[in-house]
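Okay, so here's the structure we're looking at.
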(Lines give C-alpha, C1' and ligand atoms only; values in the text may rest on other atoms or scores of the structure.)
Protein backbone atom coordinates (compact mmCIF):
# COMPACT_ATOMS: atom_id res chain seq x y z
CA UNK A 1 0.00 0.00 0.00
CA UNK A 2 1.05 3.57 -0.50
CA UNK A 3 -0.69 6.43 1.23
CA UNK A 4 -0.51 10.13 0.47
CA UNK A 5 1.99 11.59 2.89
CA UNK A 6 4.17 14.49 1.81
CA UNK A 7 6.80 14.03 4.49
CA UNK A 8 6.80 10.28 5.08
CA UNK A 9 7.50 8.57 1.76
CA UNK A 10 6.81 4.83 1.55
CA UNK A 11 7.65 4.35 -2.10
CA UNK A 12 11.13 3.01 -2.61
CA UNK A 13 13.14 4.41 -5.50
CA UNK A 14 16.74 5.15 -4.75
CA UNK A 15 19.98 5.49 -6.66
CA UNK A 16 22.63 3.12 -5.39
CA UNK A 17 26.31 3.89 -5.76
CA UNK A 18 28.48 0.78 -5.47
CA UNK A 19 31.53 -0.63 -7.19
CA UNK A 20 31.28 -2.65 -10.37
CA UNK A 21 31.44 -6.41 -10.31
CA UNK A 22 29.19 -9.31 -9.49
CA UNK A 23 31.36 -11.44 -7.22
CA UNK A 24 29.91 -11.96 -3.78
CA UNK A 25 32.13 -10.83 -0.92
CA UNK A 26 29.34 -10.86 1.67
CA UNK A 27 30.68 -10.71 5.21
CA UNK A 28 28.27 -11.99 7.84
CA UNK A 29 30.06 -10.24 10.72
CA UNK A 30 29.78 -6.91 8.90
CA UNK A 31 26.01 -7.30 8.50
CA UNK A 32 25.66 -8.44 12.11
CA UNK A 33 27.50 -5.32 13.29
CA UNK A 34 25.13 -3.06 11.36
CA UNK A 35 21.94 -4.73 12.60
CA UNK A 36 23.21 -4.99 16.18
CA UNK A 37 24.01 -1.28 16.20
CA UNK A 38 20.57 -0.37 14.82
CA UNK A 39 18.89 -2.53 17.45
CA UNK A 40 21.01 -1.14 20.29
CA UNK A 41 20.29 2.46 19.27
CA UNK A 42 16.54 1.85 18.71
CA UNK A 43 16.93 2.79 15.05
CA UNK A 44 15.25 -0.26 13.52
CA UNK A 45 13.23 -3.38 14.16
CA UNK A 46 12.77 -5.97 11.43
CA UNK A 47 14.26 -8.88 9.52
CA UNK A 48 16.71 -9.25 6.63
CA UNK A 49 17.36 -12.14 4.21
CA UNK A 50 19.94 -12.44 1.43
CA UNK A 51 19.72 -15.20 -1.20
CA UNK A 52 22.69 -15.75 -3.50
CA UNK A 53 22.17 -18.04 -6.51
CA UNK A 54 19.27 -19.85 -4.88
CA UNK A 55 20.82 -20.25 -1.43
CA UNK A 56 20.06 -18.09 1.61
CA UNK A 57 23.44 -16.87 2.82
CA UNK A 58 22.15 -14.55 5.53
CA UNK A 59 19.00 -14.19 7.65
CA UNK A 60 18.57 -12.29 10.86
CA UNK A 61 15.86 -10.46 12.79
CA UNK A 62 16.19 -7.63 15.32
CA UNK A 63 13.71 -6.06 17.72
CA UNK A 64 10.41 -7.42 18.93
CA UNK A 65 7.12 -8.41 17.34
CA UNK A 66 4.91 -7.96 20.40
CA UNK A 67 3.95 -4.99 22.50
CA UNK A 68 7.03 -5.34 24.72
CA UNK A 69 10.44 -6.88 24.01
CA UNK A 70 9.82 -9.42 26.74
CA UNK A 71 6.52 -10.53 25.21
CA UNK A 72 7.76 -11.49 21.77
CA UNK A 73 11.29 -11.24 20.35
CA UNK A 74 11.43 -11.42 16.56
CA UNK A 75 13.21 -14.30 14.85
CA UNK A 76 14.04 -15.23 11.26
CA UNK A 77 10.57 -16.68 10.67
CA UNK A 78 8.63 -13.73 12.08
CA UNK A 79 5.96 -12.61 9.63
CA UNK A 80 5.37 -8.99 8.64
CA UNK A 81 2.72 -7.16 6.66
CA UNK A 82 4.49 -6.50 3.36
CA UNK A 83 2.13 -3.85 1.94
CA UNK A 84 2.56 -3.21 -1.78
CA UNK A 85 4.99 -6.07 -2.34
CA UNK A 86 1.67 -7.95 -2.45
CA UNK A 87 1.16 -6.43 -5.91
CA UNK A 88 3.91 -8.69 -7.30
CA UNK A 89 1.94 -11.71 -6.08
CA UNK A 90 -1.31 -10.40 -7.56
CA UNK A 91 0.36 -9.67 -10.91
CA UNK A 92 1.76 -13.21 -10.92
CA UNK A 93 -1.75 -14.63 -10.41
CA UNK A 94 -3.01 -12.46 -13.29
CA UNK A 95 -0.30 -13.66 -15.69
CA UNK A 96 -1.04 -17.26 -14.75
CA UNK A 97 -4.63 -16.68 -15.86
CA UNK A 98 -3.40 -15.10 -19.09
CA UNK A 99 -1.24 -18.16 -19.78
CA UNK A 100 -4.33 -20.34 -19.36
CA UNK A 101 -6.28 -18.14 -21.82
CA UNK A 102 -8.75 -17.20 -19.08
CA UNK A 103 -7.82 -13.51 -19.32
CA UNK A 104 -6.02 -11.15 -21.71
CA UNK A 105 -4.27 -7.83 -21.21
CA UNK A 106 -6.63 -5.93 -23.61
CA UNK A 107 -9.79 -7.09 -21.77
CA UNK A 108 -11.62 -4.04 -20.39
CA UNK A 109 -12.77 -3.49 -16.83
CA UNK A 110 -16.45 -3.16 -17.72
CA UNK A 111 -16.53 -6.97 -18.09
CA UNK A 112 -16.14 -7.12 -14.32
CA UNK A 113 -16.91 -3.73 -12.74
CA UNK A 114 -18.98 -1.51 -15.07
CA UNK A 115 -19.69 0.92 -12.21
CA UNK A 116 -16.08 2.16 -12.27
CA UNK A 117 -15.90 5.29 -14.37
CA UNK A 118 -14.18 4.77 -17.76
CA UNK A 119 -14.42 1.01 -17.18
CA UNK A 120 -15.12 0.41 -20.87
CA UNK A 121 -11.77 2.02 -21.73
CA UNK A 122 -9.60 0.64 -18.91
CA UNK A 123 -7.74 -2.57 -19.75
CA UNK A 124 -6.21 -5.23 -17.52
CA UNK A 125 -2.86 -3.93 -18.76
CA UNK A 126 -3.76 -0.42 -17.59
CA UNK A 127 -4.51 -1.77 -14.13
CA UNK A 128 -1.26 -3.73 -13.96
CA UNK A 129 0.99 -0.81 -14.89
CA UNK A 130 -0.94 1.93 -13.05
CA UNK A 131 -2.14 3.75 -16.15
CA UNK A 132 -5.86 3.32 -15.60
CA UNK A 133 -6.62 6.80 -14.28
CA UNK A 134 -8.61 5.25 -11.41
CA UNK A 135 -8.25 7.45 -8.34
CA UNK A 136 -6.16 6.03 -5.49
CA UNK A 137 -8.62 5.66 -2.60
CA UNK A 138 -5.84 5.67 0.03
CA UNK A 139 -5.07 9.28 -0.95
CA UNK A 140 -8.44 10.46 0.39
CA UNK A 141 -8.76 11.97 3.85
CA UNK A 142 -11.73 9.68 4.50
CA UNK A 143 -9.48 6.61 4.21
CA UNK A 144 -8.11 7.04 7.73
CA UNK A 145 -11.65 7.04 9.14
CA UNK A 146 -12.41 3.50 7.97
CA UNK A 147 -9.04 1.80 7.43
CA UNK A 148 -9.28 -0.26 10.63
CA UNK A 149 -12.84 -1.46 9.93
CA UNK A 150 -13.87 -4.48 7.79
CA UNK A 151 -15.16 -3.73 4.29
CA UNK A 152 -16.97 -6.02 1.88
CA UNK A 153 -16.07 -6.36 -1.78
CA UNK A 154 -19.24 -4.43 -2.65
CA UNK A 155 -18.31 -1.60 -0.29
CA UNK A 156 -14.77 -1.34 -1.66
CA UNK A 157 -15.97 -1.31 -5.27
CA UNK A 158 -18.43 1.42 -4.26
CA UNK A 159 -15.63 3.51 -2.70
CA UNK A 160 -13.48 3.12 -5.82
CA UNK A 161 -16.37 3.77 -8.20
CA UNK A 162 -17.44 6.95 -6.40
CA UNK A 163 -14.32 8.86 -7.43
CA UNK A 164 -13.92 10.69 -10.71
CA UNK A 165 -10.99 9.54 -12.90
CA UNK A 166 -7.69 11.35 -12.38
CA UNK A 167 -6.91 11.10 -16.13
CA UNK A 168 -7.88 9.20 -19.25
CA UNK A 169 -6.75 5.55 -19.41
CA UNK A 170 -3.26 5.20 -20.86
CA UNK A 171 -2.46 8.92 -20.72
CA UNK A 172 0.17 8.64 -18.00
CA UNK A 173 1.47 6.65 -15.04
CA UNK A 174 0.11 7.30 -11.57
CA UNK A 175 0.36 4.78 -8.74
CA UNK A 176 -3.04 3.68 -7.42
CA UNK A 177 -3.88 0.97 -4.91
CA UNK A 178 -7.37 0.86 -6.42
CA UNK A 179 -5.96 -0.91 -9.49
CA UNK A 180 -4.74 -3.91 -7.53
CA UNK A 181 -7.74 -4.17 -5.24
CA UNK A 182 -9.79 -4.64 -8.42
CA UNK A 183 -7.27 -7.08 -9.91
CA UNK A 184 -7.46 -9.17 -6.74
CA UNK A 185 -11.24 -9.36 -7.10
CA UNK A 186 -10.94 -10.29 -10.80
CA UNK A 187 -8.58 -13.16 -10.00
CA UNK A 188 -11.07 -14.46 -7.40
CA UNK A 189 -13.97 -14.18 -9.83
CA UNK A 190 -12.22 -16.06 -12.63
CA UNK A 191 -10.88 -18.80 -10.35
CA UNK A 192 -14.04 -19.05 -8.24
CA UNK A 193 -11.89 -19.19 -5.11
CA UNK A 194 -10.73 -16.77 -2.41
CA UNK A 195 -7.51 -14.83 -2.84
CA UNK A 196 -6.25 -16.57 0.30
CA UNK A 197 -6.66 -20.03 -1.28
CA UNK A 198 -5.28 -18.92 -4.64
CA UNK A 199 -2.17 -17.52 -3.00
CA UNK A 200 -1.45 -20.85 -1.35
CA UNK A 201 -2.35 -23.03 -4.34
CA UNK A 202 -0.73 -21.13 -7.21
CA UNK A 203 2.25 -19.42 -5.55
CA UNK A 204 3.19 -20.64 -2.07
CA UNK A 205 3.02 -24.36 -2.89
CA UNK A 206 5.01 -23.89 -6.11
CA UNK A 207 7.69 -21.65 -4.61
CA UNK A 208 8.01 -23.50 -1.29
CA UNK A 209 6.76 -20.64 0.88
CA UNK A 210 5.83 -21.64 4.42
CA UNK A 211 5.52 -18.23 6.09
CA UNK A 212 3.33 -16.42 3.56
CA UNK A 213 -0.44 -15.98 3.77
CA UNK A 214 -3.32 -13.55 3.35
CA UNK A 215 -3.36 -11.41 6.49
CA UNK A 216 -5.96 -10.89 9.18
CA UNK A 217 -5.83 -9.51 12.71
CA UNK A 218 -2.28 -9.90 13.99
CA UNK A 219 -1.77 -13.14 15.92
CA UNK A 220 1.48 -13.34 17.90
CA UNK A 221 0.95 -17.08 18.41
CA UNK A 222 1.42 -17.49 14.63
CA UNK A 223 4.71 -15.56 14.79
CA UNK A 224 3.12 -12.48 13.23
CA UNK A 225 4.28 -9.01 14.16
CA UNK A 226 2.70 -5.76 15.22
CA UNK A 227 4.17 -2.54 13.84
CA UNK A 228 5.62 0.32 15.85
CA UNK A 229 6.66 3.95 15.63
CA UNK A 230 9.44 5.39 17.72
CA UNK A 231 8.38 8.33 19.90
CA UNK A 232 10.61 8.28 22.98
CA UNK A 233 10.08 4.50 22.84
CA UNK A 234 8.38 2.05 20.48
CA UNK A 235 4.65 2.78 20.24
CA UNK A 236 2.34 0.23 18.61
CA UNK A 237 0.52 1.44 15.48
CA UNK A 238 -3.12 0.89 14.43
CA UNK A 239 -3.86 -2.10 12.19
CA UNK A 240 -5.46 -1.72 8.77
CA UNK A 241 -8.24 -4.26 8.33
CA UNK A 242 -6.94 -6.56 5.62
CA UNK A 243 -10.27 -6.71 3.84
CA UNK A 244 -9.42 -3.25 2.51
CA UNK A 245 -6.02 -3.61 0.76
CA UNK A 246 -6.83 -7.10 -0.61
CA UNK A 247 -4.73 -7.71 -3.75
CA UNK A 248 -2.99 -4.36 -3.31
CA UNK A 249 -1.42 -5.05 0.07
CA UNK A 250 -2.94 -7.75 2.29
CA UNK A 251 -0.16 -10.35 2.29
CA UNK A 252 1.89 -11.28 5.36
CA UNK A 253 5.31 -12.86 4.82
CA UNK A 254 8.93 -13.11 5.96
CA UNK A 255 12.06 -11.90 4.15
CA UNK A 256 13.24 -15.50 3.71
CA UNK A 257 10.00 -16.37 1.95
CA UNK A 258 10.12 -13.20 -0.14
CA UNK A 259 13.58 -13.92 -1.56
CA UNK A 260 12.38 -17.44 -2.39
CA UNK A 261 9.34 -15.98 -4.14
CA UNK A 262 11.18 -13.53 -6.36
CA UNK A 263 13.85 -16.12 -7.20
CA UNK A 264 11.14 -18.60 -8.20
CA UNK A 265 9.48 -15.89 -10.29
CA UNK A 266 12.68 -15.18 -12.25
CA UNK A 267 13.53 -18.90 -12.49
CA UNK A 268 10.27 -19.57 -14.37
CA UNK A 269 8.64 -21.63 -11.63
CA UNK A 270 5.56 -19.39 -11.39
CA UNK A 271 5.05 -17.89 -14.86
CA UNK A 272 6.55 -18.47 -18.30
CA UNK A 273 9.55 -16.41 -19.51
CA UNK A 274 7.38 -14.54 -22.03
CA UNK A 275 5.03 -13.51 -19.21
CA UNK A 276 7.96 -12.28 -17.12
CA UNK A 277 9.13 -10.19 -20.09
CA UNK A 278 5.73 -8.49 -20.18
CA UNK A 279 5.80 -8.05 -16.42
CA UNK A 280 9.19 -6.31 -16.81
CA UNK A 281 7.97 -3.91 -19.52
CA UNK A 282 9.17 -0.83 -17.65
CA UNK A 283 8.05 2.76 -18.19
CA UNK A 284 8.52 5.51 -15.59
CA UNK A 285 10.21 2.93 -13.38
CA UNK A 286 7.10 0.72 -13.27
CA UNK A 287 6.24 -2.48 -15.09
CA UNK A 288 3.24 -4.74 -14.60
CA UNK A 289 3.40 -5.46 -10.90
CA UNK A 290 7.14 -4.93 -10.69
CA UNK A 291 9.39 -1.90 -10.30
CA UNK A 292 12.87 -1.21 -11.62
CA UNK A 293 15.49 0.50 -9.49
CA UNK A 294 18.70 2.24 -10.59
CA UNK A 295 21.87 0.50 -9.41
CA UNK A 296 25.03 1.61 -11.20
CA UNK A 297 25.17 -0.46 -14.42
CA UNK A 298 23.04 -3.29 -13.08
CA UNK A 299 19.32 -3.80 -13.55
CA UNK A 300 17.40 -4.27 -10.32
CA UNK A 301 13.78 -5.44 -10.16
CA UNK A 302 11.46 -5.65 -7.20
CA UNK A 303 8.90 -3.70 -5.19
CA UNK A 304 8.62 -1.68 -2.01
CA UNK A 305 5.77 -1.72 0.46
CA UNK A 306 4.40 0.27 3.36
CA UNK A 307 1.32 -0.29 5.50
CA UNK A 308 0.62 0.87 9.08
CA UNK A 309 4.10 1.08 10.65
CA UNK A 310 5.56 -1.61 8.37
CA UNK A 311 8.04 -0.84 5.59
CA UNK A 312 9.45 -3.51 3.29
CA UNK A 313 11.61 -3.91 0.22
CA UNK A 314 12.28 -6.86 -2.10
CA UNK A 315 14.82 -6.77 -4.94
CA UNK A 316 16.40 -9.13 -7.47
CA UNK A 317 19.47 -8.64 -9.66
CA UNK A 318 19.19 -11.17 -12.50
CA UNK A 319 22.82 -11.05 -13.65
CA UNK A 320 24.04 -12.11 -10.21
CA UNK A 321 20.95 -14.10 -9.17
CA UNK A 322 20.91 -12.02 -5.99
CA UNK A 323 17.73 -11.52 -3.98
CA UNK A 324 17.47 -9.32 -0.89
CA UNK A 325 14.48 -8.54 1.28
CA UNK A 326 14.15 -6.45 4.39
CA UNK A 327 10.89 -6.18 6.33
CA UNK A 328 10.63 -3.56 9.06
CA UNK A 329 8.03 -3.29 11.81
CA UNK A 330 9.79 -0.29 13.33
CA UNK A 331 11.58 2.26 11.14
CA UNK A 332 13.87 5.09 12.16
CA UNK A 333 16.93 4.25 10.07
CA UNK A 334 15.39 3.85 6.63
CA UNK A 335 14.76 0.59 4.83
CA UNK A 336 16.58 2.02 1.80
CA UNK A 337 19.70 2.71 3.84
CA UNK A 338 19.75 -0.83 5.23
CA UNK A 339 19.32 -2.23 1.73
CA UNK A 340 22.11 -0.01 0.36
CA UNK A 341 24.55 -1.09 3.07
CA UNK A 342 23.66 -4.74 2.50
CA UNK A 343 24.35 -4.35 -1.22
CA UNK A 344 27.63 -2.60 -0.46
CA UNK A 345 28.56 -5.52 1.77
CA UNK A 346 27.74 -8.04 -0.96
CA UNK A 347 29.77 -6.18 -3.59
CA UNK A 348 32.75 -5.59 -1.29
CA UNK A 349 32.49 -1.86 -0.74
CA UNK A 350 34.27 -0.65 2.39
CA UNK A 351 32.33 1.72 4.61
CA UNK A 352 32.05 2.71 8.25
CA UNK A 353 29.07 1.97 10.43
CA UNK A 354 26.60 4.86 10.73
CA UNK A 355 27.10 7.26 13.59
CA UNK A 356 24.12 8.37 15.61
CA UNK A 357 25.34 11.51 17.30
CA UNK A 358 22.73 13.47 19.21
CA UNK A 359 23.14 17.22 19.59
CA UNK A 360 21.85 18.15 23.01
CA UNK A 361 19.54 21.18 22.97
CA UNK A 362 18.52 22.83 26.22
CA UNK A 363 14.72 22.75 26.67
CA UNK A 364 14.48 26.55 26.85
CA UNK A 365 16.16 26.88 23.46
CA UNK A 366 13.35 25.05 21.66
CA UNK A 367 10.88 27.91 21.95
CA UNK A 368 12.57 29.93 19.20
CA UNK A 369 11.68 27.19 16.68
CA UNK A 370 7.97 26.88 17.52
CA UNK A 371 5.25 28.01 15.13
CA UNK A 372 3.42 27.30 11.89
CA UNK A 373 5.57 27.46 8.77
CA UNK A 374 4.33 27.67 5.19
CA UNK A 375 5.44 28.06 1.60
CA UNK A 376 2.93 29.43 -0.95
CA UNK A 377 4.01 26.84 -3.55
CA UNK A 378 3.93 23.88 -1.13
CA UNK A 379 0.64 22.00 -0.56
CA UNK A 380 0.83 21.72 3.23
CA UNK A 381 1.94 23.72 6.24
CA UNK A 382 4.44 22.49 8.81
CA UNK A 383 3.74 22.98 12.51
CA UNK A 384 6.69 22.84 14.92
CA UNK A 385 5.72 22.17 18.53
CA UNK A 386 7.25 20.72 21.67
CA UNK A 387 6.10 18.15 24.20
CA UNK A 388 8.03 17.21 27.34
CA UNK A 389 10.99 19.23 26.14
CA UNK A 390 11.13 17.40 22.82
CA UNK A 391 10.60 18.98 19.40
CA UNK A 392 7.98 17.67 16.95
CA UNK A 393 7.03 18.45 13.38
CA UNK A 394 3.61 17.90 11.82
CA UNK A 395 2.36 18.39 8.28
CA UNK A 396 -1.24 19.43 7.68
CA UNK A 397 -3.50 16.41 8.09
CA UNK A 398 -0.63 14.15 9.15
CA UNK A 399 0.70 12.64 12.36
CA UNK A 400 3.34 14.46 14.38
CA UNK A 401 6.89 13.13 14.08
CA UNK A 402 9.75 13.55 16.58
CA UNK A 403 12.73 15.70 15.69
CA UNK A 404 16.18 14.81 17.00
CA UNK A 405 18.89 17.44 17.28
CA UNK A 406 21.90 16.74 15.04
CA UNK A 407 23.72 20.11 15.10
CA UNK A 408 23.09 23.73 16.04
CA UNK A 409 19.66 24.71 14.67
CA UNK A 410 19.50 21.34 12.85
CA UNK A 411 17.07 18.49 13.51
CA UNK A 412 16.37 15.18 11.79
CA UNK A 413 13.61 12.63 11.37
CA UNK A 414 15.57 9.70 9.96
CA UNK A 415 12.55 7.47 9.29
CA UNK A 416 11.48 9.75 6.46
CA UNK A 417 14.92 11.06 5.53
CA UNK A 418 14.02 14.58 6.72
CA UNK A 419 16.48 17.22 7.90
CA UNK A 420 15.23 20.61 9.09
CA UNK A 421 17.57 23.62 9.25
CA UNK A 422 16.11 26.41 11.38
CA UNK A 423 16.94 30.07 10.75
CA UNK A 424 15.38 31.73 13.84
CA UNK A 425 16.68 35.20 13.00
CA UNK A 426 14.83 35.07 9.67
CA UNK A 427 11.82 33.21 11.07
CA UNK A 428 12.41 30.52 8.44
CA UNK A 429 13.32 26.87 8.13
CA UNK A 430 14.70 24.77 5.28
CA UNK A 431 13.28 21.26 4.95
CA UNK A 432 15.45 18.76 3.10
CA UNK A 433 14.04 15.45 1.90
CA UNK A 434 15.06 13.30 -1.04
CA UNK A 435 17.78 15.76 -2.01
CA UNK A 436 15.29 18.63 -2.35
CA UNK A 437 15.45 21.73 -0.15
CA UNK A 438 12.28 23.76 0.52
CA UNK A 439 12.15 27.00 2.49
CA UNK A 440 9.22 27.68 4.83
CA UNK A 441 8.42 31.00 6.55
CA UNK A 442 6.89 31.19 10.02
CA UNK A 443 3.44 32.71 10.06
CA UNK A 444 2.76 35.55 12.49
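The values are calculated or read from the model by the stated rules, or taken from the named source; none is laboratory data. All of these numbers come straight from a predicted model, not from anything done at the bench. Please note: Cβ atoms are built from the backbone with ideal geometry, for glycine as well, and neighbour counts cover all protein chains shown.
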Residue match in region 180-194 (condition: within 23 Å of residue 304 (Cα to Cα) and surrounded by fewer than 16 Cβ atoms within 10 Å (Cβ to Cβ)): no
Residues located in region 103-128, provided they are farther than 25 Å from residue 243 by Cβ, touching a helix residue (DSSP H, G or I) at 6+ places or on another chain (Cβ under 8 Å) and touching a residue at least 60 places away in the same chain (Cβ under 8 Å): 105
Extreme residue, farthest from residue 403 (Cα to Cα), among residues of region 187-217 that are part of a loop (DSSP other than H, G, I, E, B) and in contact (Cβ under 8 Å) with a residue 40 or more places away in the chain: 208
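Residues 235, 252: which one is under 15 Å from the mean Cα position of the chain (by Cα) and assigned to a strand (DSSP E or B)?
252
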All positions within region 328-340 that are touching a residue at least 24 places away in the same chain (Cβ under 8 Å) and under 16 Å from residue 417 (Cα atoms): 328, 330, 331, 332, 333, 334, 335, 336, 338, 339, 340
Looking only at region 209-237, and only at residues there that are touching a helix residue (DSSP H, G or I) at 6+ places or on another chain (Cβ under 9 Å) and closer than 15 Å to residue 399 by Cα, the one that is modelled with the highest pLDDT: 229
Residue match in region 405-423 (condition: more than 29 Å from residue 35 (Cα to Cα) and in contact (Cβ under 8 Å) with a residue 60 or more places away in the chain): no
Among residues of region 72-98, those that are within 18 Å of residue 328 (Cα to Cα) and surrounded by fewer than 22 Cβ atoms within 10 Å (Cβ to Cβ), counted: 5
Region 270-290 - residue that is touching a strand residue (DSSP E or B) at 6+ places or on another chain (Cβ under 6 Å) and at pLDDT below 95 and, of those, nearest to residue 347 (Cα to Cα): 285
